[in-house]
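We did not get these values from a lab; they are worked out from the coordinates using the rules stated. Everything quoted here is computed from the prediction, not taken from an experiment. Using ideal geometry, Cβ is built from the backbone for each residue, glycine included, and neighbour counts are taken over all protein chains shown.
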Amino acid sequence: MNLRPLGDRIIVRRHPEESKTAGGIVLPDTAKKKPQKGTVLAVGPGKLLKDGTRRGLQVKEGDTILFTAWAGDEFKDRAKDETILVMHEEDVLAVLE
């Protein structure tokens, strides 16, 4: 699936869920939290400002990011059997380096 985000939106692949705690306890599916870390797959051209110019995004393809718990909308890529997120740049909390 080829997606091209519009405006200040980005496409993110969420990192896999942890199945064990740091102490080695195996977590059931009901106790797992969705990770708030992911990899940016694509970025839009930037936010359109009132004067007609575009403000570029601060993230780029390949960045590993932290985002808010309720960020974006999830979509299922059936060809790759994975879930991707489409979110606004403002939902990104930080870029991990």
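A compact table of results
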{"quantity": "Structure-derived semi-axes √(5λ) of the Cα gyration tensor in Å - corresponding label in (i) 29, 15, 11; (ii) 40, 16, 13; (iii) 47, 15, 11", "calculated": "(i)"}
{"quantity": "Phi to ³J(HN,Hα) by Karplus 6.51 cos²θ - 1.76 cosθ + 1.60 over the range 86-97, Hz, x for Gly, Pro", "calculated": "10, 9, 7, 4, 5, 7, 7, 8, 6, 9, 7, 10"}
{"quantity": "Label-to-label distance, nm, for residues given as I25 and E97 (7 Å Cα→Cβ offset)", "calculated": "3.6 nm"}
